[in-house]
1. Do we find that N15 is out of contact with any Leu (no Cβ under 6 Å at 6 or more places or on another chain) and surrounded by 10 or more Cβ atoms within 10 Å (Cβ to Cβ) in this structure?
2. Within the range 21-55, how many residues are surrounded by 10 or more Cβ atoms within 10 Å (Cβ to Cβ), assigned to a helix (DSSP H, G or I) and polar (S, T, N, Q)?
3. For the range 1-20, give me the residue count where each residue is assigned to a helix (DSSP H, G or I) and over 15 Å from the mean Cα position of the chain (by Cα).
Amino acid sequence: MHTVALINIANGSDNISVYVPLFSSTKKLSNFLAIITVFFLLLSVWCYAAYKLTH
């Protein structure tokens, strides 16, 4: 169980190194909202694809 958690943390560290500078350099609220909107849109595509693959 701990091994799975450690692997997930290790695999997610590259996301932290990308998103922290991206969000800290975003000065306008409209740019931030655009990034979040695209993120959730693409996340929903991945979730739908996973659903279709499993059912």
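1. On the way: out of contact with any Leu (no Cβ under 6 Å at 6 or more places or on another chain): yes; surrounded by 10 or more Cβ atoms within 10 Å (Cβ to Cβ): no.
Taking the combined requirement at face value, the residue does not satisfy it.
2. 3
3. Quick first cut of the range 1-20, residues assigned to a helix (DSSP H, G or I) only: 2-20.
Now narrow it down to the ones that are over 15 Å from the mean Cα position of the chain (by Cα): 2-7.
Selection size over the range 1-20: 6.
Where a number appears in this text, it was derived from the coordinates with a stated rule and is not lab data. Just so it is clear, the structure is predicted and the values come from calculations on it, not from any experiment. Cβ coordinates were reconstructed from backbone atoms using ideal geometry, including for glycine residues, and neighbour counts include every protein chain displayed.
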